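One structure is given below, represented as structure tokens, and several questions about it will come after.
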Amino acid sequence: MSGKAIYEVFFEHGEVRPDFKKEYISLWPGWLGKERLHLLDEVSEDEWLRFNRMLLAAFGAFRMGVVDHSHETVNFPPRPEPLLSDHQGSMEKDASQFSQFVIPALECVITEEWDYTYILWHRDIGALEAIKPLLSGARLQHFSD
């Protein structure tokens, strides 16, 4: 399947298709709420690097592509390291620079979001079950609404 065909399986008008469910991946086991928002300002570089550890583990375990919305395609890089940002670089990103990844075998998308959160977009629980060990290994939490 071509990168364009893969893109069309997961995206519609530049957005993840509406039939996907969301599972939030975070440093914390749930939403912080107003009383705990200060924790966002206290995230260390080591804590932030947990997300890179998760992504590296996912690239090692699965064929993982990077979404290119400008060309409506998914590209499969030979190495993931150039795609990862450092702590400081991530603080300076705007939403248009957030990374998005596709794991075709699990029929899921992983998107980088605000506030030290990624979203696992999936159609069935199998993708979440396959990703859980990678989250545990990176010491990340997950939850849904």
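The values are calculated or read from the model by the stated rules, or taken from the named source; none is laboratory data. The shown structure was predicted, so the numbers you read here are calculated from the model rather than taken from an experiment. Reconstructed Cβ throughout: ideal geometry from the backbone, glycine too, with neighbour counts over all protein chains shown.
If E72 satisfies all but one of (1) surrounded by fewer than 20 Cβ atoms within 10 Å (Cβ to Cβ); (2) under 13 Å from the mean Cα position of the chain (by Cα), what's the number of the condition it fails?
(2) is the only condition that E72 fails.
Would you be able to say whether some residue in the stretch 111-125 is in contact (Cβ under 8 Å) with a residue 40 or more places away in the chain and over 20 Å from H142 (Cα atoms)?
No, there is no match, as no residue in the stretch 111-125 is in contact (Cβ under 8 Å) with a residue 40 or more places away in the chain and over 20 Å from H142 (Cα atoms).
Sticking with this structure for a sec: Are any residues in the stretch 104-117 among the hydroxyl-bearing types (S, T, Y) and modelled with pLDDT of 95 or more, and if so, which ones?
Passing the criteria: only T111.
If you take the residues of the stretch 111-127 that are in contact with a helix residue (DSSP H, G or I) (Cβ under 9 Å, 6 or more places away or on another chain) and part of a helix (DSSP H, G or I), which of them is farthest from W28 (Cα to Cα)?
Among those residues, the one meeting the criterion is G126.
Mind telling me which of the residues L83, L55, L40 ends up being modelled with pLDDT under 95, closer than 13 Å to S99 by Cβ and out of contact with any helix residue (DSSP H, G or I) (no Cβ under 7 Å at 6 or more places or on another chain)?
After applying the criteria, what remains is L83.
Take the residues in the stretch 10-21 that are in contact (Cβ under 8 Å) with a residue 24 or more places away in the chain and loosely packed, with under 15 Cβ neighbours inside 10 Å; name whichever of them is farthest from S144 (Cα to Cα).
Taking the candidates together, the pick is G14.
Return the residue satisfying two criteria in turn: it lies in the stretch 40-64 and is surrounded by 14 or more Cβ atoms within 10 Å (Cβ to Cβ) and under 16 Å from D115 (Cα atoms), and of such residues it is farthest from the chain's Cα centre (by Cα).
The extreme case among them is V43.
Here is a yes/no grid of residues against (1) surrounded by 14 or more Cβ atoms within 10 Å (Cβ to Cβ); (2) touching a Phe, Trp or Tyr at 6+ places or on another chain (Cβ under 7 Å):
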{"residue": "Q97", "(1), (2)": "no, no"}
{"residue": "F101", "(1), (2)": "yes, no"}
{"residue": "Y118", "(1), (2)": "yes, yes"}
{"residue": "H122", "(1), (2)": "yes, yes"}
{"residue": "L128", "(1), (2)": "yes, no"}
